[in-house]
Structure formats: structure tokens, C-alpha cells
Amino acid sequence: MKLWSGRFKTELDALAEEFNDSLPFDREMYREDVAGSVAHCTMLGECGIISKAEAGAICAALDGIRADIDCGKLIIADAEDIHSFVENELVRRIGDTGKKLHTARSRNDQVATDLRLYVRAAIDEAVGLLKALITALIERAADERDTAMPAYTHMQKAQPTTLAHWLSAYANMFLRDAQRLIDCRKRVNVLPLGSGACASTGFPIDRELTAKLLGFDGVTQNSLDGVSDRDFVVEYLACATQIMLHISRINEEFVYWSGEEFSFIRLPDELSTGSSIMPQKKNPDVNELLRGKCGRVVGALAAITTVMKGLPLAYNKDMQEDKEGVFDTRKTVSLSLRVLALFVSRVEFNRDTMAKAAEGGHSCATECADYLASKGMPFREAHGVTGRLVLYCIENGKTLQQLTLDEFKALSPLFESDVLTAVRAESAIARRKVTGGCAPRETERQINAVKRALETL
Ligand code: ARG
């Protein structure tokens, strides 16, 4: 039954009905819808807008409806949207008293409230899962402070670093994601109920009470804005997009690290898949999916921003398009974070391969230039001398570590025997003690800083 059939002579066309209905997807918010209604009804009773007995009967029936949906006894069907479904079922269960629930309320402020509750739960879930992922990253980092590996720029070996430094980089990225979500939550956690259809309500309701009952920090300050604001959806999806971008980036590295050419990691059997034709294959499907899942979340962000562009005040039905992207994003983000945390805790690092790679590509050339600079040669000149030394290495098939002291000295008299150790990866790593650097003690400090930040979340 429609909530609005009074002024219509004929029923809605079947195709138009299918097009208009949101029940096939907004059923996802049934818990939020019931919770919002229970709070609204309790407030109506407290304010004397309906009697306490009526409020009690309605709330008890609403709790029963939620419990029956939870256990599968009540199937959500045959209604325009989840709000109509719950209200119809309420009236079916308790008769006319149920018809009082919608006093001083519109589906416009109701749906905005439901979605805020849903997004708030999605944020809390994601923050918890981000914490677990960050913990997995720094736990692995603690064991890899001395594992040398190449740092890349332009995907070419650039300077030696450590695996712990690399892991801690991603821990910092995901930490920002958690902090961003927590900041976003402040703007999500504001109650729009009481805005009515658009111009609020004439009933003497107590919006602060409803807010308190639902755990909101406050109430929206303008009813036109209250029903039509979807900034919180845009903001949540932007935060989610940023998480998925980071997930995509780390998994791109895992994908090529698992290939024979790199061999920096061994994929755990339980987190990789085979090929139907090539018996030798062990594919990084899980990591590729984690890299690719970003697309649908970016899509949800693109969709809501396009829907909201140019919408006049206040509620417009276009806004019904706000939900599916949010639902899909919550599932995508949660599942991706869980799978990635599992992968991070299980992946096997090939320390020797990484360490061997760390000195390749003349990656200690900066070290050599720094050596000359610390002996007084202006850095730009030291850069030129070292460039010529690298050219000498390339032309003679040598690495910087294979050069003799005489070969060094041929390019500058400032070179002394200590240059032979200065150009080793361990020295390059050990010298980078500056805040943010890859020296083992400094990385330990970074890991501890992330740990402390986690406690404040
Ligand atoms: N299903 C609608 C939505 O998701 C609920 C609000 C309906 N309001 C209205 N004026 N038709 O936006």
C-alpha cells in the first residue's frame, strides 16, 4: 500500500512503479530505519505529541519488526521503499496507533537520517579495519628494519632503503585515511530529523532529544539544508576513494614483486590462484582484485557528485540515487581492508633478493656524491664527478662497489679508502637518520609514532 494514495484516482503504472521504487536496494537500511523511528516515536511520547502508551506500543512493535527481519521471519517486500514497508507492517501489527508514527516527520528527513546512521556505521567499521591493517603493517615492519631493498623513482632503482621503511610508508598512508574518516564523521553525525518535508514542522518536537537517543552530536541548523544535504555522502565516498587508491597502490607493488623478474615476495598458496591451462601458474588474482576494486568506489563518487550538481533546494527525487554507491562502497572497502590485512600478515618476503637488488642500478651514487660533498666539494660538482664515475662503471661493466680506490682517485683526489664502505647499501641506509629516513633506529621511531597515533584514534 502506498503512503500517499489519497489524492490519486488511478494506481501507478507498473513500469513507473518499478522505476520509482527504492525497496530493492534501500532494504539494506532497515535497521537504521527502525532505529530512527523508535527514537522519533520516543521523542513524540516525551513531548506529549502522542501519548506515552501509544509511543510504547509503537516502539515495541518496531522492535519486533526489526527482530523478525533479522531472523528471516519477516521478508521485506511489496512496498515503495523501506520507510513505507516498516510503516505498513507497523499498522498491520498494531492498527491505527501505528498510523501516528509519522506525525511531525516526512520521508525526506527520515531518509536523510537513515543514511547518516548508515554512513556513520560504515565509517566506524572502516576505521576499525584500518587499525587492524595498520597494525599488521607495523608488526611486519618491526622485523624488517635491517632488510635492505631498493627505493624507486620512475620505477627505476634510485637509492637503498629498507623493507620496514616501505611498510611504514603504507602504514602512514592508511593512518591518514583513518584520521580523515574520523574528521568526516563529525559532519556526518548531525541529525536532520525535524526538518520535515522541507520547511520543518509546527509540532513542538524536541530535536535534541531525538539526536541524543540516536547518538548524534547535534542537529542540523536549517531544515531546507537538512533534507537536501548530501555533502556527507560525497565526503564519505571521497574518503573511501582515498583508501581504495592506497589499497590499489600497495597491491600494484605486490603484483610485480611476485613476478619472476622481481621475486621480492612469495605469494601464500592460500591467497593466490592457479590457471586452468598453464599448470605452472600461481597468479596474484587477490592482489589484482584489490588493485581493481578502486574503480567501483571512484564510480560511486563520480555518480553522487554528478547527481548533486545543479540540484535546487530542497529534496528532489534525484537524491534517491545516493544510496547504492554508499552500500556498495561500504562492502567493497570492508572486504578489501580485511583481505589486504590478511595478505600483509601472510606474505613471505625474499630478503636476500631484495638486499641484492638494493645495490643494483648504481643506487649508491647519491652516497658517493654526498661523500665528496662532506669532504668540502660543492654538491653540484660532486654530482658531476659521480656522474662520470657511473659512466666509467657502465662502460667497464662494473658496479660502484667493485671499483678500486685508484679508480675512485682517478676522478678526484678527495676520495680516501673509507669511500669503499661509504658506497655500500648498509652505509647509505645507516646514514639516513634524519626524521622520516630509513636508518633502522629512525624507522623504529616511525613505527612507534604510528603505534601512538593508533591509540588516539
Ligand atoms: N525513497 C526515497 C529516497 O530514497 C525516500 C524519500 C521519498 N520522498 C519523496 N518525497 N518522494 O530518497
Among the residues of segment 369-410, write down those that are of a type in the set (G, A, S), open to solvent by 50 Å² or more (accessible area, probe 1.4 Å) and closer than 18 Å to E359 by Cα. G397
Scanning segment 125-159 for residues that are under 15 Å from A453 (Cα atoms), more than 13 Å from the chain's Cα centre (by Cα) and β-branched (V, I, T) gives T135, I138
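Conditions (1) of a type outside the set (D, E); (2) in contact with a Lys or Arg (Cβ under 9 Å, 6 or more places away or on another chain); (3) not in a helix (DSSP H, G or I), marked per residue:
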position: G128; (1), (2), (3): yes, no, no
position: T135; (1), (2), (3): yes, yes, no
position: E139; (1), (2), (3): no, no, no
position: R145; (1), (2), (3): yes, yes, yes
position: M149; (1), (2), (3): yes, yes, yes
position: Y152; (1), (2), (3): yes, no, yes
position: A158; (1), (2), (3): yes, no, yes
position: H165; (1), (2), (3): yes, yes, no
Identity of the residue in segment 85-108, part of a helix (DSSP H, G or I) and among the β-branched types (V, I, T), that ends up nearest to the ligand (Cβ to nearest atom): V86
Looking at segment 40-68, which of its residues are open to solvent by less than 20 Å² (accessible area, probe 1.4 Å), under 15 Å from L90 (Cβ atoms) and among the aliphatic types (A, V, I, L, M)? L44, I50, A55, I58, A61, L62, I65
Only unsatisfied item for D26, checking (1) within 34 Å of the chain's Cα centre (by Cα); (2) within 20 Å of D322 (Cα to Cα); (3) among the charged types (D, E, K, R); (4) open to solvent by 30 Å² or more (accessible area, probe 1.4 Å), is (4)
Looking at (1) of a type in the set (A, V, I, L, M, F, W, C); (2) under 20 Å from R180 (Cβ atoms); (3) surrounded by 24 or more Cβ atoms within 10 Å (Cβ to Cβ), which is the one condition that is false for A132? (3)
Of the conditions (1) away from the ligand (no atom under 16 Å from the Cβ); (2) open to solvent by less than 40 Å² (accessible area, probe 1.4 Å), G196 satisfies every one except a single condition; which number is it? (1)
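The values are calculated or read from the model by the stated rules, or taken from the named source; none is laboratory data. For clarity, every value in this text was computed on a predicted model and none was experimentally measured. Note that we place each Cβ from the backbone using ideal geometry, even for glycine, and neighbour counts take in every protein chain shown. To get the accessible areas, we keep the full protein, side chains included, count just its heavy atoms, and leave off ligands, DNA and RNA. Shrake-Rupley method; radii C 1.70, N 1.55, O 1.52, S 1.80 Å.
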